[in-house]
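The values are calculated or read from the model by the stated rules, or taken from the named source; none is laboratory data. This structure is a prediction, so every number in the text was calculated from the model and none was measured. So basically every Cβ, Gly included, is an ideal-geometry build from the backbone, and we count neighbours across all protein chains shown. Just the protein is used for accessible areas: all its heavy atoms, side chains included, with ligands, DNA and RNA removed. Shrake-Rupley method; radii C 1.70, N 1.55, O 1.52, S 1.80 Å.
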Amino acid sequence: MKAAVIVFPGSNCDRDLAVALRGAGAEVTLVWHKDTDLPPGLDLVGVPGGFSFGDYLRCGAIAARSPVMRAVVPFAERGGHVLGVCNGFQVLIEAGLLPAALMRNAGLKFVCAPAALAVATADSAFTADYARGETVSFPIAHHDGNYRADAETLARLDGEDRVAFRYLANPNGSTAAIAGILSANRRVLGLMPHPERAADPVHGGTDGARLFVGLAAALAEGALQGA
């Protein structure tokens, strides 16, 4: 698996994401937000957590208009896999790659804690190593993670099995306790919890490592089938 991790001013989980991907066997390149091209032959683009551009305007709004996103959006539209974590999820929504909006937490406070999640679907490369309905734990650390979707969008997400993860105890007021969603082609995942912070035993848990290991295996299997 060849992956690129985008780095914006204010990213603080870019190295964490790169380490988790390398732990799953990926070859990883860090790409600065002012670059206009992605490395050739990529399987995955990772958009990391943090506070891109200091969260001025709406979270992720400025980053979504960085030069590199003019390459990331077409990459996704061509069927490339893209993973956006926390601020990265906000960036993907602002870039139009995922629907609805992420708003201020219902409690109006920053939340930072382990979060119990239910795996809502195993039908994606990102969730292939989990079982539907399985409970996992990833850390959360966000102030604007309240996923808001109207009834039509929610019905579409549910009807197309595109909710990837749900909170067991909703920490931020998200509609239907949604913690992560997939794009229509199931190749873009955005989620507020941090799997890269649960990818090593020293983190206190390894539930997140399975996302990266399963993703690498699924992409390798897809490449073999396409060969």
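The figures follow:
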| item | result |
| --- | --- |
| Residues (assigned to a helix (DSSP H, G or I) and more than 17 Å from the chain's Cα centre (by Cα)) located in the range 195-227 | 201, 202, 203, 217, 220, 221, 222, 223, 224, 225, 226 |
| Long-range neighbours under 8 Å by Cβ, at least six apart or interchain, first residue basic (Lys, Arg) within the range 1-21, second buried (at least 24 other Cβ atoms within 10 Å of the Cβ) | 2/44 |
| Candidates 209, 199, 218, 177 - the one that is crowded, with 18+ Cβ neighbours inside 10 Å and under 20 Å from residue 155 (Cβ atoms) | 177 |
| Exclusive hit being closer than 19 Å to residue 88 by Cα and acidic (Asp, Glu), set 144, 158, 150, 129 | 144 |
| Single residue of the range 4-16 satisfying the filter (surrounded by 21 or more Cβ atoms within 10 Å (Cβ to Cβ) and out of contact with any His (no Cβ under 9 Å at 6 or more places or on another chain)) that is farthest from residue 75 (Cα to Cα) | 14 |
| Test: residue in the range 178-194 that is touching a Phe, Trp or Tyr at 6+ places or on another chain (Cβ under 8 Å), part of a helix (DSSP H, G or I) and modelled with pLDDT of 95 or more | no |
| Filter result for the condition that a residue is open to solvent by 20 Å² or more (accessible area, probe 1.4 Å), in contact with a helix residue (DSSP H, G or I) (Cβ under 9 Å, 6 or more places away or on another chain) and more than 18 Å from residue 136 (Cα to Cα), over 106, 101, 118 | 101 |
| Selected residue (criterion: farthest from residue 97 (Cα to Cα)) from residues of the range 50-80 that are surrounded by fewer than 16 Cβ atoms within 10 Å (Cβ to Cβ) and of a type in the set (Gly, Ala, Ser) | 54 |
| Any hit, the range 76-90, residues being free of Cβ contacts under 8 Å to residues at least 40 places away in the same chain and at negative phi | yes |
| Among (1) surrounded by fewer than 20 Cβ atoms within 10 Å (Cβ to Cβ); (2) under 25 Å from residue 55 (Cβ atoms); (3) touching a residue at least 60 places away in the same chain (Cβ under 8 Å), the one test that residue 191 misses | (1) |
| Filtered residue count, the range 18-32, keeping only those that are under 17 Å from residue 72 (Cα atoms) and either modelled with pLDDT under 95 or in contact with an Asp or Glu (Cβ under 8 Å, 6 or more places away or on another chain) (or both) | 1 |
| Elements of type strands (runs of 3 or more DSSP E) in the range 1-95, at least 2 residues being more than 21 Å from residue 127 (Cβ to Cβ) | 2-7, 27-32 |
| Qualifying residue in the range 127-143 (condition: farther than 20 Å from residue 169 by Cβ and open to solvent by less than 40 Å² (accessible area, probe 1.4 Å)) | yes |
